[in-house]
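Asker: I have a structure I would like to understand better, so I am pasting it below and will then ask my questions one at a time.
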Amino acid sequence: MEAGKLRHSVILQRAVRTQDATGQSILTWGNLATVWARVNPTAVREYRDSKAVAGEVTHEITIRHYPGLLDTDRVLFGARVLNVAGISNKDERGIEDMLLCKEKT
C-alpha cells in the first residue's frame, strides 16, 4: 500500500449502549481509532454486481487493515457521517481494507 494515497484523516466509530441520567438506555458512538484513508466518492453503478450493498454505496474508503472492524461501524470524514455497508480485506492479505459506505443525510 502506498502511504501517499492515504491523505484523508478519518475517525472509525462503533455504536455503544449507555444510560442517561434517568437510567434510559441510549445509543452513542465511541471512537475506535483515527486513521489515514483514501476516500473516493463512487457511482452506484460501479457496485451493481454486489448484492449486499447494491444501490447504497456512495463512498469507497481504503485504510490499512483494521482487525475487528464491523459492517455496523461508521466513519467520520470531517463533518460527514459514512455508515459502513460492507468491508473487504483486499487481496485477503491483511494489509488493507476497503470499506463500502453510505453517506448519512
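The values are calculated or read from the model by the stated rules, or taken from the named source; none is laboratory data. In this text, all values refer to a predicted model and were calculated from it rather than measured experimentally. Cβ placement follows ideal geometry from the backbone for every residue including glycine, while neighbour counts extend to all protein chains displayed. Note: accessible area is taken over every heavy atom of the protein model, side chains too, but ligands, DNA and RNA are not part of it. Shrake-Rupley method; radii C 1.70, N 1.55, O 1.52, S 1.80 Å.
Asker: Please arrange D73, D20 by accessible surface area, largest first, computed with a 1.4 Å probe and ligands excluded.
Answerer: Sorted by accessible area, descending: D20, D73.
Asker: Could you please report the charge total around R64, scoring K, R as +1 and D, E as -1 over all other residues with beta-carbon less than 10 angstrom from its beta-carbon?
Answerer: -2
Asker: If you don't mind, another one. In terms of modelled amide H atoms, which long-range or inter-chain residues lie less than 5 Å from the amide H of T58?
Answerer: C101, K102, E103
Asker: Continuing with this model, one more query. Which far-off residues, 5 or more places away or on another chain, put their amide H under 5 Å from the one on D73, with H placed in the peptide plane?
Answerer: For D73, whose amide H was placed from the backbone, the distant partners under 5 Å are V84.
Asker: Of T42, T105, T28, which has the most accessible area with a 1.4 Å probe, and how do the rest follow in descending order?
Answerer: Of T42, T105, T28, the descending order of accessible area is T105, T28, T42.
Asker: Pop out the ³J(HN,Hα) list for the range 24-37 in order, Karplus 6.51 cos²θ - 1.76 cosθ + 1.60 with θ = phi - 60°, rounded to Hz; leave Gly and Pro as x.
Answerer: Result, ordered by residue: 6, 6, 10, 9, 10, 10, x, 6, 8, 6, 9, 9, 8, 8 Hz.
Asker: For the full complex of protein chains and a 1.4 angstrom probe, list H8, H59, H65 by accessible area with the highest value first.
Answerer: Descending accessible area places them as H65, H8, H59.
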